[in-house]
1. Could you say which residue among A:Tyr90, A:Tyr48 is within 11 Å of the chain's Cα centre (by Cα) and at pLDDT below 95?
2. Is it true that A:Arg3 is charged (D, E, K, R), more than 14 Å from the chain's Cα centre (by Cα) and within 11 Å of chain B (Cβ to nearest Cβ)?
3. Please go through region B:54-75 and give me each residue that is outside any loop (DSSP other than H, G, I, E, B) and within 14 Å of chain A (Cβ to nearest Cβ), ordered by number.
4. Which of the residues belonging to region A:57-116 are among the charged types (D, E, K, R), within 14 Å of chain B (Cβ to nearest Cβ) and closer than 13 Å to A:Phe33 by Cα?
5. Looking at (1) open to solvent by less than 30 Å² (accessible area, probe 1.4 Å); (2) at positive phi; (3) not polar (S, T, N, Q), which is the one condition that is false for B:Gly15?
6. Do we have A:Thr13 as more than 12 Å from chain B (Cβ to nearest Cβ) and among the β-branched types (Val, Ile, Thr) here?
7. Among the residues of region B:38-53, which ones are more than 7 Å from chain A (Cβ to nearest Cβ) and touching a residue at least 40 places away in the same chain (Cβ under 8 Å)?
8. Determine whether region B:76-85 contains at least one residue that is within 22 Å of A:Ser94 (Cβ to Cβ) and within 14 Å of chain A (Cβ to nearest Cβ).
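The values are calculated or read from the model by the stated rules, or taken from the named source; none is laboratory data. Because the structure is predicted, anything quoted here is derived from the model rather than measured. Cβ placement follows ideal geometry from the backbone for every residue including glycine, while neighbour counts extend to all protein chains displayed. Only protein heavy atoms, including side chains, enter the accessible area calculation; ligands, DNA and RNA are left aside. Shrake-Rupley method; radii C 1.70, N 1.55, O 1.52, S 1.80 Å.
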Amino acid sequence: DARVTQTPRDKVTEMGQEVTMRCQPILGHNTVFWYRQTMMQGLELLAYFRNRAPLDDSGMPKDRFSAEMPDATLATLKIQPSEPRDSAVYFCASGFLLAGVVNEQFFGPGTRLTVL
Amino acid sequence: DAKTTQPPSMDCAEGRAANLPCNHSTISGNEYVYWYRQIHSQGPQYIIHGLKNNETNEMASLIITEDRKSSTLILPHATLRDTAVYYCIVRVAVSGFGNEKLTFGTGTRLTIIP
């Protein structure tokens, strides 16, 4: 069945390094979301796209984070430079806009990022 | 988005109905109630949503009070695989800047007891 895929599943890196996380949304879905989950903050929305255009990135630290959709089958989230406080599980989700709303967001398995 | 209040944890015996409450006393007229769950080490999973009428699908039933200030998610025959954190979320169900955001609280950790 159709699923959101994310790579890598686990990433360990050192402070200052660039990190790129990738997401393949479900084919046909036109809305893609990036969330971050930590023990302290829980699940929080970082950014989301509709038809590859960014709609809201207010939850994302602008100085070091960037999110893009090079094409309809790939979304990327980059952190440069990475810091220990970026350690978290990053989830990508996709959905389809129907009757003016995305009701069901399909989440990927997440990328567990550890910054040493 | 209106805030929601859920009990931090609940237990339920396997095979019994699990009833998960949620208070959303400040909900607005155009806000829907959504339920998601997150099984350990997995991404959240959509369960059901509703506006004011009771809703049922293959996973669960959603009962919303007439004044819409609270709701209950019902898993009719809980299995061990239903052990998860359940999130009640209130959201405007209209497309627009920021409206797509799901604001997850701390949820209810449901444990199904064999």
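1. From the options A:Tyr90, A:Tyr48, the qualifying one is A:Tyr48.
2. The answer is yes for A:Arg3.
3. Within region B:54-75, B:Glu55, B:Leu62 qualify.
4. A:Asp57, A:Glu104
5. In the conditions (1) open to solvent by less than 30 Å² (accessible area, probe 1.4 Å); (2) at positive phi; (3) not polar (S, T, N, Q), B:Gly15 misses (1) alone.
6. So A:Thr13 fits the description; yes.
7. Once the filter is applied, which keeps residues that are more than 7 Å from chain A (Cβ to nearest Cβ) and touching a residue at least 40 places away in the same chain (Cβ under 8 Å), region B:38-53 yields B:Gln38, B:Ile39, B:His40, B:Leu51.
8. There is at least one residue in region B:76-85 that is within 22 Å of A:Ser94 (Cβ to Cβ) and within 14 Å of chain A (Cβ to nearest Cβ).
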